[in-house]
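Working notes for the structure below.
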Amino acid sequence: MDLYGSVQKAKKSNDESSIQYILGCLEPKIKQTIFSMEKQYQEDIEQEVKLRIIEAVRVYDTDHLLSLKEVLGKSEHGQAILKRINNDNF
């Protein structure tokens with residue numbers, strides 16, 4: 001299962017295995033981020049981050065996602081990338 005599919009499944013059916021998969025995918029980044037914090041707070045912060053991720057999954061709107069082209073078109077840097085891609089005929 002992929003991350004996007006897991007988000008959809010977790011959102012629609014509150015599927016525990018999907019939630020665990022999502023948290024597992026994000027675990028290395030969570031650990032890396034809290035590593036620089038004081039040891040005594042790391043576990044509490046890790047739990048709070050995971051709770052916030054679960055909350056975010058539940059409210060994430062998977063029905064109205066922007067395409068990559070739409071996302072890039074929202075910034076000057078992204079527009080420059082799109083222009084370069086169009087000029088290179090990808």
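Here, each number is a calculation from the coordinates, and none is a lab measurement. Worth saying up front: this structure is predicted, and the values here are computed from it rather than measured. Cβ atoms come from the backbone with ideal geometry, glycine included; neighbour counts cover every protein chain shown.
The angle separating the long axis of helix 76-88 from the principal Cα axis of greatest extent in the chain is about 50 degrees. Pairs spanning more than 30 Å between alpha-carbon atoms, out of 9/69; 9/83; 11/83; 9/29: 9/83; 11/83. Between the Cα long axis of helix 3-13 and the first principal axis of the chain there is an angle of about 60°, rounded to the nearest 10. In degrees, nearest 10, range 0 to 90: what is the angle between the Cα axis of helix 16-34 and the longest Cα principal axis of the chain? Tilt relative to the chain: about 90 degrees. Under the criterion of Cα pairs below 8 Å and six or more residues apart, the relative contact order for the chain equals 22 percent. Here the chain is treated as an ellipsoid with the same Cα gyration tensor; its semi-axes, largest first and in whole Å, are 32, 20, 11.
This model, with +1 at the C-beta of Lys and Arg and -1 at the C-beta of Asp and Glu, gives the chain a dipole about its Cα centre of some 320 debye.
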